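The values are calculated or read from the model by the stated rules, or taken from the named source; none is laboratory data. Model, not experiment: these values are computed from the prediction. Note that we place each Cβ from the backbone using ideal geometry, even for glycine, and neighbour counts take in every protein chain shown. Surface accessibility is based on the protein's heavy atoms, side chains included, excluding ligands, DNA and RNA. Shrake-Rupley method; radii C 1.70, N 1.55, O 1.52, S 1.80 Å.
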Amino acid sequence: METRAVYPGSFDPVTNGHIDLIQRSAALFDKVIVAILRNTDKTPLFTVEERVTMLEEAVKDLKNVSVTSFAGLLVDFVEQIGASLIVRGIRAVSDYEYELQMALMNRRLSNKVETVFMLPAEAYSFLSSKLVKEIAQHGGPMHGFVPADVEKRLYSKFRKK
Ligand code: PNS
């Protein structure tokens, strides 16, 4: 049977760390569905449509990866699309507590869904969408953190503000 994995997140915006994890997942699983959370308490910088566009551009060469968005509970979405795995990245020990809590809660919500933790390349272990936005806001260098089109979009967002 085909192994479908969902890589969920806010992706506001996608970083090279996310892309590294998507590439690693694409090499492991038959299908990877990158899923952007639609309903969130956070106020995102980019709309869901903008985030879908940026991610689609980033994964266009990976034939077994698709990009979509979801609302509601993650485990419900995973089951609806016939997937059985959730992929989450752990950069450092500091990520672990939150990820453990989520994975165990998701396991409680559905015993059909398993969480797989993956490590991004060391070079991205300090990278986050939050820090990237902060740097872009102050006009700092983005090279190596995000794809070129995301860099342009980041700068133009902050120019407009
Ligand atoms: O990139 P993020 O913001 O760390 O991703 C968090 C995400 C989207 C994976 C998480 O907030 C989520 O799954 N939200 C959907 C609602 C849900 O299922 N909540 C219970 C999780 S235990």
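Surface composition of the range 28-148: carbon plus sulfur atoms contribute 55% of the solvent-accessible area (1.4 Å probe, protein chains only, all chains present). GNM remark for the chain: springs join alpha carbons under 10 Å apart, and the peak mean-square fluctuation among K133, K31, K112 falls on K112.
For K157, the lysines whose Cα comes closer than 27 Å to its Cα, not counting residues fewer than 8 places off in the same chain, are K42, K60, K130, K133. Report, to the nearest 10°, how far helix 148-160 tilts away from the longest principal axis of the Cα atoms in the chain, using its own Cα long axis and a range of 0 to 90°. Approximately 60 degrees, to the nearest 10. Of all the options F70, F117, F126, the one that moves most in a Gaussian network model of the chain with Cα springs shorter than 10 angstrom is F126.
For a quick protection proxy, order the peptides 14-20, 83-89 by their average other-Cβ count within 10 Å, most packed first.
14-20, 83-89
Per residue, the range 1-47 exposes an accessible area of 46 Å² to a 1.4 Å probe, with every protein chain left in place. Based on C-alpha pairs under 8 angstrom that are at least 6 apart in sequence, the range 31-153 has a relative contact order of 22 percent.
Normalised per residue, the accessible area of the range 67-131 is 63 Å², obtained with a 1.4 Å probe and no contribution from ligands, DNA or RNA.
Scalar couplings 3J(HN,Hα) for the range 113-120, obtained by applying the Karplus form with A = 6.51, B = -1.76, C = 1.60 to θ = phi - 60°, are 10, 10, 9, 10, 8, 10, 9, x Hz; x denotes Gly and Pro.
Dividing the alpha-carbon radius of gyration of the chain by the rule-of-thumb value 2.2 N^0.38 Å gives 1.02.
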